Amino acid sequence: MPLAETRNVAHGWTRLDGVDLLRGLAIFFVLMNHVNMRLLGAKVPYTHGLPPQLVYSLVWNGQFGVQIFFAVSGFLITSTTLRHWGSISGVNVRDFYRLRFARIAPLLLLLLAALSALHFASIKGFVVSQKTGGLGRALLAAVTFHINLLESRRDYLPASWDILWSLSVEEMFYLFFPLACRLFRRGRYLLVPLFVFVILGPFARSRAFNHNPVWREYSYLGGMDAIALGCLTALFIARRKLSRTALWTFGIVGTTLLAFSLGFSIRAYLWGLGRNGLNMTILAAGTCMLIAMVAQTHWQAPRILTPLLRLGQRSYEIYLTHMFVVLGFFSLFVAAGKPMRYVPALFIAVILTAGLLGELVARGYTEPMNRWLRRQWGDGPGRLDLVTSFRHPETGDNQPYKTQQEHING
């Protein structure tokens, strides 16, 4: 079915609640995981007596959270490409890179400047050791998107640097994405490399094929299967209107896969899914099924989920700045003598403060910088934000196109 015939949407919609909730869930797990790692490093036995699966589901799902981010990101970038240029083959490579730069670079460069200053000030927890190549090597890895490769070869960087491994995976994918779109031209040809990424993902995470434990978690291919699944989801739903039965099926199966991946991770490992790297692929597939469902139903979240929704809307800002909050509150916790009764308060304080910091950074810096850079490059109603026609990926015919959601925040 032609894309134009599936785009019966209200122009008042600016975001997809379901997508933001998935991102909110992802950043929640990342925050919980990083607080947990600090507590375990300080030998605080706060999980003693709790059911193992409950512990894993609450505080050990950080890597799963990143996998959710990858799947959502692939969907948003591909949707944005279709919205801006009407078809995969119509993407303007230069403008694609400009849009990515406007969204990613301002906060990344500010973060690197802050981390460099803390390194020179010899602040504990922020000094990049010579073992990992020193500050210059870390900066080079950050701006050329190979922090993950550096850590797999040398050693882990300080926590505020380490989180950039996922940005390395994501941006390396998008470095080649517009080039692949122009190379393959027709949408069906692009499916081939995307499916190859999906197939290779589990192998990259498998113990049998990857003996480096850091690279198993941080490798490019180990994260690109989720991004590719997100891209495939966007291409799939752009060309067809799913029936009510199909949407219900996608929603139920997707929710089941997410619940299994996040709530029964120990059993998944016992079944060998973790050792074979398939657990992450299953999680990404479930995420994409839910994305497909919420994208075509425009499901609206109930008010009770507003806090999680806000976390998702500011997930990029929270992700890049949250380690300052984690380390700051954890230092106060240690100074207080590491009292066990304050552990719940530590988790709550980190989540609330990280969310508030993300909101402030977004409103006061990243969003104004994004808008300013886009204006400098001529991004306006007559250029990128308003596409009046698109070229059908199969027939090549020009057809009318109606804009859907604003996804520049992805």
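How many percent of the accessible area of the stretch 94-245 is carbon or sulfur, using a 1.4 Å probe? Solvent-exposed carbon and sulfur of the stretch 94-245 make up 66 percent of the total. In the full protein context, the stretch 69-125 carries 34 Å² of accessible surface per residue, based on a 1.4 Å probe and ignoring ligands, DNA and RNA.
Descending by average beta-carbon neighbour count within 10 Å, the peptides 365-374, 140-149, 298-307 line up as 140-149, 365-374, 298-307, the highest first. As a length-normalised measure over Cα pairs under 8 Å and 6 or more apart, the relative contact order of the stretch 249-288 settles at 57 percent.
Approximating the spin labels as points 7 Å out from Cα along Cα→Cβ, the Ser116-to-Arg240 distance works out to 5.0 nm.
Backbone geometry of the stretch 174-184 corresponds, through the Karplus equation with coefficients 6.51, -1.76 and 1.60 at θ = phi - 60°, to 3J(HN,Hα) couplings of 6, 5, 9, 4, x, 5, 5, 4, 6, 5, 7 Hz, x marking Gly and Pro.
Considering the stretch 105-204 at the alpha-carbon level, its Rg and Dmax are found to be 16.8, 53 Å. Label separation (Tyr97 vs Arg275): 4.5 nm, computed from points 7 Å beyond Cα along the C-beta direction. Other residues lying with their Cβ under 15 Å from the Cβ of Phe70 contribute a combined charge of -2, Lys and Arg counting +1, Asp and Glu -1. The heavy atoms of Met289 present about 60 square angstrom of accessible area, all protein chains included, probe 1.4 Å. Rounded to the nearest 20, the Cβ-based charge dipole of the stretch 96-232 about its Cα centre (Lys and Arg +1, Asp and Glu -1) stands at 380 debye. Non-local lysine pairs in the chain, meaning eight or more places apart or on different chains, with alpha-carbon distances under 27 Å, amount to 5.
Accessible surface calculations at 1.4 Å, restricted to protein heavy atoms, place the stretch 164-240 at 43 Å² per residue. Estimated from helices alone, the mean residue ellipticity of the chain at 222 nm is -22000 deg cm²/dmol (sum of -39500 (n - 2.57) over DSSP H runs with n ≥ 4, per residue).
When Rg and the Kirkwood radius Rh are both evaluated on Cα atoms of the stretch 1-145, their ratio Rg/Rh stands at 1.08.
The values are calculated or read from the model by the stated rules, or taken from the named source; none is laboratory data. What you are looking at is a predicted structure, and each value in this text was computed from that prediction instead of being measured. Every residue, glycine among them, receives a Cβ derived from its backbone with ideal geometry; neighbour counts consider all protein chains shown. These area figures cover heavy atoms from the full protein model, side chains too; ligands, DNA and RNA do not enter into them. Shrake-Rupley method; radii C 1.70, N 1.55, O 1.52, S 1.80 Å.
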